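Student: Let me begin by handing over the structure; questions about it come next.
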């Protein structure tokens, strides 16, 4: 593990990262999802895709990376972009899970591999709407300390800063960015995913012109143990 100190939007961040296969010319950046860290991605892909230098990064506020204030996805993208510049890497492929998939899209690489990516906003269920309304009332009344009562399981155990960030990113609709993406994309999705339902994958597949979708058995973490399968599909679909 290494730490890289970078400055983005006049703020300093300490970012935890790890490189594998240092001598390879081409590189892949791996971006984890909400509540996870680089170790999850390394555990799945560390033994595969050995023709590429692997870049594993803890996104700001996750793992061992610092965060200063709540950011939206575009600000996170800028931090990651500055990080890549600082280590002299321009990854040809970015593999992103969930929240990391949205950041991968915004970085606009040659190719993206999306694992149950966020970025498509679906209608909220009634109970979610009620929770949001109750939180807004509590916040208005100065009861912000009770935010954990209303918080999604995605932010359990996290700070108020991270909860504020979650609220910023959860409803970002990236449809136009999926539509405008000109690179090649492979989408892998769990058929039983309740966090980013399969309907999201199908919509993204229609928006990205050069995309291929694989619907697989499993939930939001369907890709655990499937590093070899994903490597095979990357070789077949992202050939130079």
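The values are calculated or read from the model by the stated rules, or taken from the named source; none is laboratory data. Everything quoted here is computed from the prediction, not taken from an experiment. Cβ sites come from the backbone with ideal geometry, for glycine too, and all protein chains shown count toward neighbours.
Student: Looking only at region 82-107, which residues are part of a helix (DSSP H, G or I) and either more than 10 Å from the chain's Cα centre (by Cα) or outside the structural domain of residue 41 (by TED's automatic domain parsing) (or both)?
Tutor: If the condition is that a residue be part of a helix (DSSP H, G or I) and either more than 10 Å from the chain's Cα centre (by Cα) or outside the structural domain of residue 41 (by TED's automatic domain parsing) (or both), then 82, 83, 84, 85, 86, 87, 106, 107 are the ones that fit.
Student: Continuing with the same structure: Can you tell me which residue within region 185-206, out of those that are buried (at least 19 other Cβ atoms within 10 Å of the Cβ) and touching a helix residue (DSSP H, G or I) at 6+ places or on another chain (Cβ under 7 Å), is farthest from residue 166 (Cα to Cα)?
Tutor: Out of the qualifying residues, it is 186.
Student: Can you pull out the helices (runs of 4 or more DSSP H) entirely within region 174-240 that have at least 1 residues that are over 17 Å from residue 45 (Cβ atoms), in the same structural domain as residue 42 (by TED's automatic domain parsing) and in contact (Cβ under 8 Å) with a residue 40 or more places away in the chain?
Tutor: Details: elements: 175-180, 198-207, 227-237.
Of the helices (runs of 4 or more DSSP H) lying wholly inside region 174-240, those with at least 1 residues that are over 17 Å from residue 45 (Cβ atoms), in the same structural domain as residue 42 (by TED's automatic domain parsing) and in contact (Cβ under 8 Å) with a residue 40 or more places away in the chain span 175-180, 198-207.
Student: The conditions are (1) modelled with pLDDT under 95; (2) within 11 Å of the chain's Cα centre (by Cα), and residue 11 fails exactly one of them. Which is it?
Tutor: Among (1) modelled with pLDDT under 95; (2) within 11 Å of the chain's Cα centre (by Cα), the lone unmet condition for residue 11 is (2).
Student: Within region 38-81, take every residue that is under 14 Å from the mean Cα position of the chain (by Cα) and on the phi > 0 side of the Ramachandran plot and give me the one that is surrounded by the most Cβ atoms within 10 Å (Cβ to Cβ).
Tutor: 61
Student: Check 190, 183, 218 and return the single one that is touching a strand residue (DSSP E or B) at 6+ places or on another chain (Cβ under 8 Å) and on the phi > 0 side of the Ramachandran plot.
Tutor: Working: 190 fails: on the phi > 0 side of the Ramachandran plot; 183 fails: on the phi > 0 side of the Ramachandran plot.
Among 190, 183, 218, only 218 is touching a strand residue (DSSP E or B) at 6+ places or on another chain (Cβ under 8 Å) and on the phi > 0 side of the Ramachandran plot.
Student: Here is a follow-up. Provide a single number: the residues in region 20-67 that are in contact with a helix residue (DSSP H, G or I) (Cβ under 9 Å, 6 or more places away or on another chain) and part of a helix (DSSP H, G or I).
Tutor: Qualifying residue count for the region: 4.
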